[in-house]
Amino acid sequence: MTVSDQAGEKPSIDLSLQGGTFSPFALIERERHVLGQIASGIPLADVLSNLLLAVESQSTDMKASVLFLSEDGQYMLHGAAPSLPTTYNEVVHGMAIGEGIGSCGTAACRGTPVYVDDIATSPLWEGYTDLALSHGLRACWSMPIKAADGVVLGTFAVYYAEPRSPTPSDIEAISVLAQTAALAIERHRADQRLRLSQDELRDLNSQLETRVNERVTERSRTWLLSPDLLSVINAQGMIEASNPAWTIALGWSPEELKTAFLSFVHPDDLVASQAIFSQAIKGRPISRFQNRYRHRDGSYRWLAWVAVLEGGKIYCSGRDITTEKDQA
């Protein structure tokens, strides 16, 4: 009995891939390191390559790889395989998944681990045996990489140059490493979705800002060019803003117009104009109300008004109907 057994502590269990040993603590730390790299913005391919190199460093002849599934779940895509031949990775990239398409294609299709101890004699490698053997690959153990909801994201695999069967410790280590790869992939995709959402939000805000600016420009142009007398009157009956049509129609300058609107109304129309203003300031829309406004030269012009209340102020639009009145 060991000292840790006597103390009632749980003895440590090593997770090994033949030729190397990984303690559970080391694997947890590796997982934290991987997630930290993802969070810091290091590209996923680089993070996974670093993970695989760390795994390979524990063995003398092991080569590891991570393959992703395409968005439609039908093909394998190269993710990371720093020690596998480039030509091999190029052939595997884009290969369909399915039963009998090597260890990884089969594992991705089944959603369960596939351990091939001798590629030369395995029916799962028929059609791909020469490809593997020509690159010095003889054994391949593949574990599906799964998201938290069970969806297959890809495969984690280790290759050996000689026929080899996994031990229970090997299987446990591969499982833990596949889980680490899954966390890295999910975190990366979550960050991508967040960045995409942020980019979309920025694009939307930019589009909205552009549209707002266009509307402001359009309204400013309308305000300046409209032949109708446009104005904003506050709750006290003071003209706060007026467009150039006022000066054209009545001769008053913008500064002269910043006073009580009733001061321009014909004496005979004061009572009716005050009554309409009282209705408008209570929120009742005004349409086709007519009264006379004094021109700067002392004459009067007939105006027909529409008005609405918005934000405690009355927005008015008046049309000069003097000619129509004179012809009536």
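For the stretch 71-96, a tally of residues being touching a residue at least 24 places away in the same chain (Cβ under 8 Å) and either among the hydroxyl-bearing types (Ser, Thr, Tyr) or open to solvent by 70 Å² or more (accessible area, probe 1.4 Å) (or both) returns 4. The single residue among Ala245, Ala241 that is at pLDDT 90 or above, touching a Pro at 6+ places or on another chain (Cβ under 7 Å) and surrounded by 10 or more Cβ atoms within 10 Å (Cβ to Cβ) turns out to be Ala245.
Of all the criteria given as (1) in a helix (DSSP H, G or I); (2) of a type in the set (A, V, I, L, M, F, W, C); (3) surrounded by 23 or more Cβ atoms within 10 Å (Cβ to Cβ), the one not satisfied by Cys140 is (1). In the set (1) farther than 14 Å from Asn234 by Cα; (2) under 55 Å from the mean Cα position of the chain (by Cα); (3) open to solvent by 70 Å² or more (accessible area, probe 1.4 Å), the condition left unmet by Lys282 is number (1). Only one of (1) in contact (Cβ under 8 Å) with a residue 24 or more places away in the chain; (2) out of contact with any Leu (no Cβ under 8 Å at 6 or more places or on another chain) fails for Val116. Which number is that? The number of the failed condition is (2). Filter the stretch 97-120 for residues that are of a type in the set (A, V, I, L, M) and either surrounded by 21 or more Cβ atoms within 10 Å (Cβ to Cβ) or assigned to a helix (DSSP H, G or I) (or both) and give the result. If the condition is that a residue be of a type in the set (A, V, I, L, M) and either surrounded by 21 or more Cβ atoms within 10 Å (Cβ to Cβ) or assigned to a helix (DSSP H, G or I) (or both), then Ile97, Ile101, Ala107, Ala108, Val114, Val116, Ile119 are the ones that fit.
For beta carbons closer than 8 Å, sequence separation of 6+ or different chains, a first residue in the stretch 25-45 that is on the phi < 0 side of the Ramachandran plot and open to solvent by 50 Å² or more (accessible area, probe 1.4 Å) and a second that is modelled with pLDDT under 70 and part of a helix (DSSP H, G or I), there are no qualifying pairs.
Is the stretch 194-203 home to any residue that is modelled with pLDDT of 85 or more and either open to solvent by less than 80 Å² (accessible area, probe 1.4 Å) or small (Gly, Ala, Ser) (or both)? No, the stretch 194-203 contains no residue that is modelled with pLDDT of 85 or more and either open to solvent by less than 80 Å² (accessible area, probe 1.4 Å) or small (Gly, Ala, Ser) (or both). Can Gln236 be described as farther than 30 Å from Asp117 by Cβ, of a type outside the set (D, E, K, R), at pLDDT 85 or above and open to solvent by 50 Å² or more (accessible area, probe 1.4 Å)? In short, yes.
The values are calculated or read from the model by the stated rules, or taken from the named source; none is laboratory data. Everything numeric here is computed off the predicted structure, so don't read it as measured data. Because the Cβ atoms are built from the backbone with ideal geometry, glycine has one as well, and the counts that use them run over all protein chains shown. Just the protein is used for accessible areas: all its heavy atoms, side chains included, with ligands, DNA and RNA removed. Shrake-Rupley method; radii C 1.70, N 1.55, O 1.52, S 1.80 Å.
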